[in-house]
1. Can you tell me how many residues within segment 84-118 are β-branched (V, I, T), in a helix (DSSP H, G or I) and more than 20 Å from A48 (Cβ to Cβ)?
2. How many residues are under 28 Å from I44 (Cα atoms) and outside any helix (DSSP H, G or I) if we restrict to segment 131-161?
3. Hey, among the residues in segment 1-52 that are part of a strand (DSSP E or B) and either β-branched (V, I, T) or modelled with pLDDT of 95 or more (or both), which one's farthest from A80 (Cα to Cα)?
4. Any idea which of K66, K52 is over 13 Å from the mean Cα position of the chain (by Cα) and surrounded by 10 or more Cβ atoms within 10 Å (Cβ to Cβ)?
5. So, A60, is that one touching a residue at least 12 places away in the same chain (Cβ under 8 Å), small (G, A, S), assigned to a helix (DSSP H, G or I) and in contact with a strand residue (DSSP E or B) (Cβ under 9 Å, 6 or more places away or on another chain) or not?
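The values are calculated or read from the model by the stated rules, or taken from the named source; none is laboratory data. On a predicted model such as this, the values are computed, not experimentally measured, just so you know. Every residue, glycine as well, gets a Cβ built from its backbone with ideal geometry; the counts of neighbours run over all protein chains shown.
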Amino acid sequence: MSFIYLFGAFVVGAYLMQVVLGMKQIKHFNQTYQELRRKGKVAIGRRAGKIKAGTIVLFAVDQQGKILDARKMQGVTVLAKFHTLSAYIGEDIHYMDKYHPLVRQENKLIQQAMENAREIYLRVEMGNYQEEQPLSPLAGTKVQLQLWKNQVQAKMKRSVE
């Protein structure tokens, strides 16, 4: 068997394994979310990871803002799972910022995810939360081209003057 066929089979196998493990991770997220949702409102904080580990924090919160349950998932691969953050149970989500003593003990990515959860929870509580839709790759490219065009026009204008 030639090297190309062997390499192609490896790539296809790795891709299929990634898909299966990704689906399993999504199922785990949904189960954890449903479990927390039965306890109360769920504040979700995320810190997307491109090169570094991605982080998701889930807080089950009662009507007064007390944390009933807390979970975190942090990792680079699809093998990451949720782990309990028992130290946060009973704390008030309104005070979960970077100055809180418990939050300061966490790594920077978890701190950012916790602040994101708190910020979104407060915005939803006030009634002015709108989900920000990310740009599609095509729209992002269009915006980038427009910026370059404007920069070139500005340089041309300065050179003429």
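1. So the answer is 1.
2. 6
3. In the first step, residues of segment 1-52 are kept if they are part of a strand (DSSP E or B); the result is 41-47.
With either β-branched (V, I, T) or modelled with pLDDT of 95 or more (or both) added as a condition, the list becomes 42, 44.
On the way: V42: 20, I44: 17 Å.
Among residues in segment 1-52 that are part of a strand (DSSP E or B) and either β-branched (V, I, T) or modelled with pLDDT of 95 or more (or both), the one farthest from A80 (Cα to Cα) is V42.
4. On the way: K52 fails: over 13 Å from the mean Cα position of the chain (by Cα).
Unique residue meeting the criteria: K66.
5. Numbers: touching a residue at least 12 places away in the same chain (Cβ under 8 Å): yes; small (G, A, S): yes; assigned to a helix (DSSP H, G or I): no; in contact with a strand residue (DSSP E or B) (Cβ under 9 Å, 6 or more places away or on another chain): yes.
So A60 fails the test.
Residue-by-condition table, conditions (1) among the charged types (D, E, K, R); (2) in contact with a Leu (Cβ under 8 Å, 6 or more places away or on another chain):
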residue: H28; (1), (2): no, no
residue: R38; (1), (2): yes, no
residue: A48; (1), (2): no, no
residue: A53; (1), (2): no, yes
residue: I56; (1), (2): no, no
residue: Q64; (1), (2): no, no
residue: S86; (1), (2): no, no
residue: N107; (1), (2): no, no
residue: Q111; (1), (2): no, no
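Listed here are the residues, each with its yes/no results for (1) touching a residue at least 40 places away in the same chain (Cβ under 8 Å); (2) among the basic types (K, R); (3) closer than 27 Å to M23 by Cβ.
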{"residue": "G75", "(1), (2), (3)": "no, no, yes"}
{"residue": "K81", "(1), (2), (3)": "yes, yes, yes"}
{"residue": "D92", "(1), (2), (3)": "no, no, no"}
{"residue": "L102", "(1), (2), (3)": "no, no, no"}
{"residue": "E106", "(1), (2), (3)": "no, no, no"}
{"residue": "L109", "(1), (2), (3)": "yes, no, yes"}
{"residue": "Q144", "(1), (2), (3)": "no, no, no"}
{"residue": "S159", "(1), (2), (3)": "no, no, no"}
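The rows are residues; the columns are (1) in contact (Cβ under 8 Å) with a residue 24 or more places away in the chain; (2) of a type outside the set (D, E, K, R); (3) out of contact with any helix residue (DSSP H, G or I) (no Cβ under 8 Å at 6 or more places or on another chain).
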| site | (1), (2), (3) |
| --- | --- |
| I26 | no, yes, yes |
| Y33 | yes, yes, yes |
| G40 | yes, yes, yes |
| I51 | no, yes, yes |
| K98 | no, no, no |
| A117 | yes, yes, no |
